[in-house]
Each structure stands twice: as structure tokens, then as C-alpha cells.
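Everything on this sheet refers to the single structure shown next.
The values are calculated or read from the model by the stated rules, or taken from the named source; none is laboratory data. Keep in mind it's a predicted model, so treat the numbers as computed, not measured. Don't worry about glycine lacking a Cβ; one is built from the backbone with ideal geometry, like all the others, and counts go over all protein chains shown. Remember, those area values only see protein heavy atoms, side chains included, never the ligands or the DNA or RNA. Shrake-Rupley method; radii C 1.70, N 1.55, O 1.52, S 1.80 Å.
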Amino acid sequence: MPAHSLVHGRSARWALRAVFLVLFLPLFALPLLVIVAASFATGWSGALPNGATTAHYADLARGDSADALLVSLLTAAAASGLALLTGTWAALAAQALPRRLRKAVNALFVLPVAVPSVVVGLALLVAFSEPPLLLNGTREIVVIAHTVLVTAFAHQSVTAALARLDPAYEQSAASLGASPARVLWQVKLPLLLPSLTAAAGLCFALSMGELSATMMLYPPDWLPLPVRIHAATDRGALFTGAALAVVLMATTLAVLLAVSRIRSKASYRQPS
């Protein structure tokens, strides 16, 4: 039910909107607007920038920032794909387990997000520091770290969707002679598609912004954009860092909008 339908009277609705703006702008919108303004600023003194320029973006086009953005996109795509595959498989497998084992599986997948991501990075650094699993200094360990950190969200999303899924569709297909594999591929997964696309989008966005574990693991030839933003701001190039942050935000938002369109079409095709 829409929130405005719970509030009667024009004045009450305007008051609700005013409270929303007062809370939303300082906490969420204003910091992002400051980053956008800083990316075009020539200097900053007081509350507003001193001048406007596009030089920071021009510098990005001539530098290695495009490579860093590509690295982030490839890492996020690989990590979200692996997380979706692993999380979905685990959620489907756990559905048939006894309640206590199912809770244990859920706790296992939530554990990496229950601790600081730097702990996950350190754990992977130690775990893959010796043969035959020597991955330190490779691109693969960065993808593994991102996958470990975002799989929990895919698993929880699919688990929640399975709990809401009407079993009548599966029972009807099985009663008509469909095999368990056919029920899975032609009935259950299509019904889960909106939740799968939402989980993929969330995992992708989280991977695009991951920094702490990445800082411990990335090799010199695999530099994600958040690490480059940190390096720029650390050496005092705040406006360049702001421009990089805007590029990161815009790219992530564009991918999320594309995923949202796919999810809307999948939801529209769902049986009523």
C-alpha cells in the first residue's frame, strides 16, 4: 500500500514530504551532489567550489582510469556471476535439508559479511599463500574475494524467494510427468528470475565498490577503480578522485538500471 494512502489531508501529505526531504537531502543526496560538484571544481574554499572545469575528466580519459574501470567491471561481472550460481545452488540444495542444517548453511553464507571485509582479505591471503593453491598476486584471488563477500546476498535473496514460491506450480508439473530437472529448469528457475536478476544487480553493485579486501590482494596489473580512487585521494588529488568516483557511480547506476529493466520484464511475464 502506498505511504500517501495512509496519510489523510493535503497538509499532512505535504508535511510528510517535507520531513522526507529534510532527512533525505542531508543524509543521502547532498554528499553525492558534493562529489559531483568537486569533480568539476578548480578549487574549493568555503561552502561552494571556486570555479568549474572538465579537465579532471579529460585527464581520466588520457590516463589509466579506463583500464581501472574495465578491471572493476570484469571483476564485478565475474564475482556476481559466480555468487549467483553458488548462492542459488546452495539455496536450492538447502531447501531439502532439515531445519537445523538449513540454518547452518544460511549461517555459513552470512559469515563473510558478519566480519569486516579486511578479515576476509587476510583469510584468503593466508589460505592461498602456499602451493598447490598459490594465488597470491593473481587476478583470480581478487575475484574470489569479491565472490565470497557478495555470495551471501545472492543466497539470502534466492532463499527468501523460494520461501514465497507457490509449490502448486512444481506439483502440477511433476504430476504431468516432468522430471525433477525439467521442473527446475522450466518451472522453478523462471519463477525465480525476478529475484535472480535483483540478486545479480545487488552483487554487482557491491563488488564495484569493494575496497578493503581488494587493497590487501590486488596485483599491480589488476587495479580496480575503487583502489585508484583511494590512491588519488591519498596523494591529495581530491578533485581527480571525485571525478573517478562519479564515473564509478554512473557506471554502476547504468548497469543497475539495465538489470532493473530485465527484472521488470521478467516480473511482467510471471504467471498470475
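Of note:
- Spin-label pair A163/D59, simplified geometry with 7 Å Cα→Cβ offset, distance in nm: 4.9 nm
- Separation of the K265 and F28 label points, Cα + 7 Å toward Cβ, nm: 2.8 nm
- Cα-based helix-to-principal-axis angle, 225-234 vs the chain, degrees rounded to 10: 30 degrees
- Sites I35 and V118, calculated FRET efficiency, Cβ-Cβ separation with R0 22 Å, nearest 0.05: 0.40
- Among S39, A96, A76 the positive-end extreme of the charge dipole of the range 1-112 (Cβ point charges): A96
- Carbon + sulfur, % of accessible area of the chain - ligands and nucleic acids excluded, 1.4 Å: 69 percent
- Cα-centred dipole magnitude for the chain, charges only on beta-carbon of K, R (+1) and D, E (-1), debye, nearest 20: 1180 debye
- Surface per residue (accessible, 1.4 Å probe) for the chain, Å²: 59 Å²
- Dipole magnitude for the range 160-245: computed about the Cα centre from +1 point charges on Lys and Arg Cβ and -1 point charges on Asp and Glu Cβ, it is near 100 debye.
- Estimated inter-spin distance, E130 and S212, nm [label 7 Å along Cα→Cβ]: 2.7 nm
- In the chain, a dipole from Cβ-located charges (positive for Lys and Arg, negative for Asp and Glu) runs towards its positive end, and of N50, S264, Q156 it is S264 whose Cα lies farthest in that direction.
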